[in-house]
Amino acid sequence: MARKKDSPQKAALRELMGNYLKENNVKVKDGTDVNSIMRDMMSIILEGALDQELDEELGYSKYDYRNKETDNSRNGYSQKTLHTSYGDMEIDIPRDRNGDFEPQVVKKYQNSITQDMEEKIISMYAKGMTTADIESHMRELYDLEISDSTVSRITDKILPIVKEWQERPLESVYAVVFMDAIHFHARNEGRIVKRAVYIAIGIDMEGRKDVLGMYVGQNESAKFWLSILNGLKNRGVEDILIACVDGLTGFPQAIEAVFPQTEIQQCIIHQIRNTTKFVSYKEIKPLMADLKRVYAAPTEEVALAELDSFDEKWSGKYPKIAKSWKDNWANLSTYFKYPEAVRRLIYTTNTIEGFNRQLRKVTKSKTVFPSDDSLLKMLYLAMIDITKKWTGHRQDWGQIHSQLEIFFEERLERL
């Protein structure tokens, strides 16, 4: 019986299906029964559409020989197995005698109704499922046999999209760009090797956050970062006001070579980790309390005085800590130039580290990737999922933006 909101087509289909189920005593008990009915319906719809295509190709319908104006004619059917989300199904493909017919609904070499199925496979891959898990999942839910190579072939369709994404034009100015690398293992020529994935996240002058790029390379190096920075410039980036980085040797020089006016802020948290990792467990708490007086100081002058006090107190046991802070002070102390709102944004690389943690959640089931491409595919798909939640800008962006404009007024005017 038709319902109020049914369109005429849906009402007719409802009546047709009701009669079909009743007259054929078909009982729907579970999803398997639904899949079976859907396969039958889909095969009938596809076969009807293919017959209509051939009618249009020949210019006359079946048995309507009076309107035939061609020497071509029907030549029976050939069978084809199609893979669908409802399981495999057999359909009859009409043929013509001259072999000119090129069906469009189901093309000659097509063996699956793939869009829905491929979207499901790509979605599962993006969530970090292994190819074996996907194979098992598709078999259990849809009664489909999907091999590892098929999953790889389907997800490989992402690679041209990734390349296009990596080369897309960017904004001319970014307020802040966070740069860091995250490490994975992948197979290369039969060996398991360590791979660094270089990631750049930018915040533009409107406060919008965006992943500017992800690149797979060998162990993290300033030379590779230099090539990435040149790539950003070639994609339209004219200036980066502040770059937030870890303590990688040579990284500041690489940034200065491409963006000479960019202020560099070395991550305070990275510095703390690197300089306190060998401190005794019993002494870590008081030492950290003294070190906090340095990086949490209200001004750079107070911070330097506190650093001297720290050096006097702890240099006997840990002489390298204060020395490392003093050697890197030029890039560690950048944030002291700015008001509190800007300081909170730039003195750590928490923005990119939070992103990296979410990537690791997705990739935790993969101890070793079969190739660099498989690693990049999964990270790109995970990135798309993660960044869907990045809407709008920071709540305090109005304050940050006005402060940045004051400090970088001349540079912004030139651009």
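For segment 220-259, what are the per-bin percents of Cα-Cα distances with bins 10 Å wide, up to the bin holding the maximum?
With a bin width of 10 Å, the distribution comes to 31, 60, 9.
What does the accessible area per residue of segment 170-413 come to in Å², with a 1.4 Å probe and no ligands, DNA or RNA counted?
Normalised by residue count, the accessible surface of segment 170-413 is 49 Å².
How large is the Kirkwood hydrodynamic radius of segment 277-340, counting all unique pairs of alpha carbons, in Å?
About 12.2 Å for segment 277-340.
Wrap a convex hull around the Cα atoms of segment 341-385, take a quarter of its surface area, and give that in square nanometres.
4.0
In segment 170-413, how does Rg compare with the Kirkwood Rh, expressed as the Rg/Rh ratio over alpha carbon atoms?
Rg/Rh for segment 170-413 comes to 0.98.
Given a Förster distance of 35 angstrom, what is the FRET efficiency for Q166 paired with R344, based on the Cβ-Cβ distance and rounded to 0.05?
0.70
Would you mind getting me the FRET efficiency between D148 and R360? Use the beta-carbon distance for r and R0 = 25 Å, nearest 0.05.
Calculated value: 0.60.
Applying 1/(1 + (r/R0)^6) with R0 = 30 Å to the Cβ-Cβ distance of K62 and Q104, what FRET efficiency is obtained, to the nearest 0.05?
0.95
Using a 1.4 angstrom probe on the protein heavy atoms only, could you order T131, T249 from most to least accessible area?
T249, T131
Remind me, what semi-axes does segment 223-367 give for its equivalent ellipsoid, largest first in whole Å, using sqrt of 5 times each Cα gyration tensor eigenvalue?
29, 21, 14
Given the peptides 53-64, 19-30, 368-379, arrange them by the average over their residues of other C-beta atoms within 10 Å, most packed first.
Put in order of decreasing packing, that is 368-379, 53-64, 19-30.
For segment 170-413, which whole percent of the accessible surface, found with a 1.4 angstrom probe, sits on carbon and sulfur atoms?
Roughly 50 percent of what the probe reaches on segment 170-413 is carbon or sulfur.
Can you give the direction-averaged projected area of the convex hull of the alpha-carbon atoms in the chain, in nm²?
32.6
The values are calculated or read from the model by the stated rules, or taken from the named source; none is laboratory data. All of these numbers come straight from a predicted model, not from anything done at the bench. When we count neighbours, we look across all protein chains shown, and the Cβ atoms used for this are built from the backbone with ideal geometry, even at glycine. Protein only, heavy atoms only, side chains kept; ligands, DNA and RNA dropped before computing areas. Shrake-Rupley method; radii C 1.70, N 1.55, O 1.52, S 1.80 Å.
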